[in-house]
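What follows is a set of notes on a single structure, which appears directly below.
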């Protein structure tokens, strides 16, 4: 299934299943058995997923709205945490002249940075002048996970979506700040367009992944190039802390970021950024400086 969080006529956020060019309201289609928000839905676990499948397969005609008539929000707009992994593609390590990490480099993006499809990436030019793009595969946790064995780790994944780990490079590394500040400005975590359930992703480590800025492809790689794979990341993280349903792990970016170019290239007012992953969809956001 492709699960979405959406608004219709600027109303309250709703949980839906995307089928072709139609969105099925899962709370309505299930006769009220399912909640209207993604995080509460994921907390239901496998029973919730099965109820959603039953609702989609049933008579959902009265609970359907055209995709063109709704606004897609971030699929999971309120996770308890977003855990980010840095330097996880070898070519990206080389382009940034970084050392190969012996263990996953971990930081966070605050949840107030999350936006959805079509929302503007915004920044104050007095605060940063080096805003960069980073397409990333996002993993959404579906079950409470603590001290998970690597061989069982994918059982804890609800699904996958696309993330743009927008980064203020000057705040990240040049002005005495730490990564979190440069990575967590409001609007710096676009997510979407949908949460694709794990049963529809045959191999998360074999997906084409790209970033396109103003129609020009800037990043073009494959998740097969991940240095630390998803099961290892989940096992590593959960040795330290609990991952909850709805938590997001963004797994690192491939080569082609702006700061790695010669000369460096950064986002500017009016730019349009699209990040996409095969089978997961496209996420497009305009840039607004000011």
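Each value in this text was obtained by applying a stated rule to the coordinates, not by laboratory testing. Since the model is a prediction, treat every value here as computed from it, not as a measurement. Positions of Cβ are backbone-derived with ideal geometry, glycine not excepted, and every protein chain shown enters the neighbour counts.
With an 8 Å Cα cut-off and a minimum separation of 6 or more residues, compute the relative contact order for the chain in percent.
In percent, rounded to a whole number, it is 24.
Diagonalise the Cα gyration tensor of the chain and give the resulting equivalent ellipsoid semi-axes, square root of 5 times each eigenvalue, largest first, whole Å.
Values for the chain, descending: 31, 22, 16 Å.
So how do 242-255, 136-149, 67-80, 263-276 stack up, highest first, on mean other-Cβ count within 10 Å?
Packing proxy ranking, top to bottom: 242-255, 136-149, 67-80, 263-276.
If r is the Cβ-Cβ distance from residue 143 to residue 64 and R0 is 30 Å, what FRET efficiency results, to the nearest 0.05?
Efficiency at R0 = 30 Å is approximately 0.55.
According to the square roots a ≥ b ≥ c of the eigenvalues of the Cα gyration tensor, what is the shape class of the stretch 125-177, taking rounded for a/c under 1.5, prolate for a/b larger than b/c otherwise, and oblate for the remainder?
The shape class here is prolate.
Residue 7 to residue 224: extension gain in nm, 0.36 nm per residue of separation minus the Cα-Cα distance?
74.6 nm
Using only alpha-carbon positions, what ratio does the radius of gyration of the stretch 17-127 give when scaled by 2.2 N^0.38 Å?
Cα-based Rg divided by the globular estimate yields 1.47.
Counting each pair of different Cα atoms once, what's the Kirkwood radius of the stretch 2-72 in Å, rounded to one decimal?
Averaging 1/r across every pair of different Cα atoms and inverting gives 11.8 Å.
Would you please give the FRET efficiency between residue 150 and residue 200, computed as 1/(1 + (r/R0)^6) with r the Cβ-Cβ distance and R0 = 30 Å, to the nearest 0.05?
Efficiency, rounded to the nearest 0.05: 0.85.
Could you sort 2-12, 181-191 so that the peptide with the highest average Cβ count within 10 Å comes first and the rest follow in order?
181-191, 2-12
On a 0 to 90 degree scale, rounded to 10, what angle separates helix 46-57 from the longest Cα axis of the chain?
On a 0 to 90 degree scale, this one is about 70.
For the stretch 95-220, what is the convex hull volume of the alpha-carbon atoms per residue, in Å³?
Enclosed volume per residue, from the Cα hull, is 155 Å³.
Once you have the Cα-Cα distance between residue 21 and residue 126, take 0.36 nm times their residue separation minus that, and quote the gain in nm to one decimal.
33.7 nm
Suppose only helical runs count, i.e. DSSP H with n ≥ 4. What mean residue ellipticity at 222 nm does that imply for the chain under -39500 (n - 2.57) per run, divided by all residues and rounded to the nearest 500 deg cm²/dmol?
-3500 deg cm²/dmol
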